[in-house]
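Peer 1: Structure in structure tokens, see below.
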Amino acid sequence: MRADPPPEKGVRYERAGPIVRAIGPDNCIVFSNLAGADADAEIAEQVAFFRAAGAALEWKVYGHDLPADLGRRLCAAGFEPGEAETLMASDLAEGLPAGPMPAGIEIRRVVDTAGLEDLLAVSGVAFGRNDGWKVELFGPRLGDPTLGLYVAYAGERPVSAARLELPPGRSFAALWGGGTLPGYRGRGIYRSLVATRAREALRRRYRYLSADARETSRPILQRLGFVALTSVTSWKLRP
């Protein structure tokens, strides 16, 4: 999935020697294998490429990526580390995550701009950021079968939201987002959003689910049968 990423609308993937980079709304080094290479020179080349474009860059480093001190080298090149996460996976052939739907909560799939605005408003508050710009990212994909956007409502109030990516021709579907408003946490809404997306992935004949889990999500996913595979750290380079 990293070395040969599936096509994604609005994103161009480029291979530069031992590196695969994504060019789009979020520029990212999605894969690198710098074992046996001049790691510092390869890093400097990517820094120069994106700085020349005046663009920010994210470099995703997994626990098994080489060289083992890749994070230290990125730091020396001006990158700043983000929150440590855990790559987790679930084998849907072993059963679906389950659990009762919390009382008074309804999960709806986003099908229009109003639903998308609800999703972005919730995720912005849940993660403490401005997600309004993502209207341009997800708006054109509302009819895209490779994308599933979900909002949980308490009555008519949107209180939690999450995303499912379904790349064609692959065995892994990916969970993203999964943010809940502070006053509604601890009620099982996040768990229900995981279960909803898992059912959709299985219906679409995907074998596995993957997720980059924060420390707040990792214990919940473990209880739902996800297995921790390795660490993930996003290193950010400012433009």
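Peer 1: Before anything else, pin down the relative contact order of the chain: Cα pairs under 8 Å, at least 6 apart, normalised by residue count, whole percent.
Peer 2: It rounds to 28 percent for the chain.
Peer 1: Find how much the distance from Met101 to Thr216 grows on full extension, using 0.36 nm per residue of separation minus their present alpha carbon separation; answer in nm with one decimal.
Peer 2: Roughly 39.4 nm would be gained on extension.
Peer 1: Something else about it: Among Gly132, Ser160, Val61, flag the residue with its Cα farthest along the positive direction of the charge dipole of the chain, charges on Cβ as +1 for Lys/Arg and -1 for Asp/Glu.
Peer 2: Sorting the options by dipole projection puts first Ser160.
Peer 1: What's the center-to-center distance, using Cα atoms, between region 170-239 and region 32-84 in Å?
Peer 2: If we compute the Cα centre of each part, the gap is 25 Å.
Peer 1: Next question. Explain nothing, just the number: relative contact order of region 90-231, from Cα pairs under 8 Å at least 6 residues apart, as a whole percent.
Peer 2: 29 percent
Peer 1: If you line up the Cα atoms of the chain on their principal axes, what length do they span on each, largest first, in Å?
Peer 2: Result for the chain: principal-axis Cα extents of 56, 36, 34 Å.
Peer 1: Hey, another quick one. Tilt of helix 189-203 relative to the longest C-alpha principal axis of the chain, in degrees (0 to 90, nearest 10)?
Peer 2: Helix 189-203 and the main axis of the chain meet at about 80 degrees.
Peer 1: May I ask which residue of Leu175, Pro7, Pro102 lies farthest towards the positive end of the charge dipole of the chain, with charges of +1 (Lys, Arg) and -1 (Asp, Glu) on Cβ and the Cα centre as origin?
Peer 2: Checked the options; the winner is Pro102.
Peer 1: Between Tyr62 and Arg223, what is the label-to-label distance in nm when each label sits 7 Å out along the Cα-to-Cβ direction?
Peer 2: In this crude label model, Tyr62 to Arg223 measures out at 2.8 nm.
Peer 1: Given Cβ point charges of +1 (Lys, Arg) and -1 (Asp, Glu) and nothing else, what value in debye, to the nearest 20, does the dipole of the chain about its Cα centre take?
Peer 2: Magnitude of the dipole: close to 640 debye.
Peer 1: Calculate how steeply helix 113-127 sits against the longest principal axis of the alpha-carbon atoms of the chain, using the helix alpha-carbon long axis, and give the answer as 0 to 90 degrees to the nearest 10.
Peer 2: Between the helix axis and the principal axis of the chain, the angle is about 70 degrees.
Peer 1: Please work out whether region 1-116 counts as rounded, prolate or oblate from its C-alpha gyration tensor, where a ≥ b ≥ c are the square roots of the eigenvalues and a/c under 1.5 means rounded, while otherwise a/b larger than b/c means prolate and anything else oblate?
Peer 2: Note, shape of region 1-116 comes out prolate.
Peer 1: Related question: What is the angle, in °, between the Cα long axis of helix 39-52 and the longest principal axis of the Cα atoms in the chain? Nearest 10 is fine, range 0 to 90.
Peer 2: Taking Cα atoms only, the helix is inclined about 70 degrees.
Peer 1: With point charges of +1 on the Cβ of Lys and Arg and -1 on the Cβ of Asp and Glu, referenced to the Cα centre of the chain, which listed residue (Ala211, Ala195, Ser234) lies farthest in the positive direction of the dipole?
Peer 2: Towards the positive end, the residue furthest out is Ala195.
Peer 1: Which of the aspartates and glutamates could be linked to Lys134 by a straight reach, that is with a Cα gap under 18 Å, when you skip same-chain ones fewer than 8 residues away?
Peer 2: Glu8, Asp26, Glu58, Asp112, Glu117, Asp118, Asp144, Glu165
Peer 1: By how many nm would the segment from Asn130 to Ala44 lengthen if fully extended, with 0.36 nm per residue of separation less the alpha-carbon distance?
Peer 2: 27.9 nm
Peer 1: Rounded to the nearest 20 debye, what is the charge dipole size of region 182-239 about its Cα centre when +1 sits on each Lys and Arg Cβ and -1 on each Asp and Glu Cβ?
Peer 2: 200 debye
Rule-based calculations on the coordinates, nothing more; no lab input. These numbers come from a predicted model, not from an experiment. For neighbour counting, all protein chains shown are included, and Cβ atoms are generated from backbone atoms with ideal geometry for every residue, glycine included.
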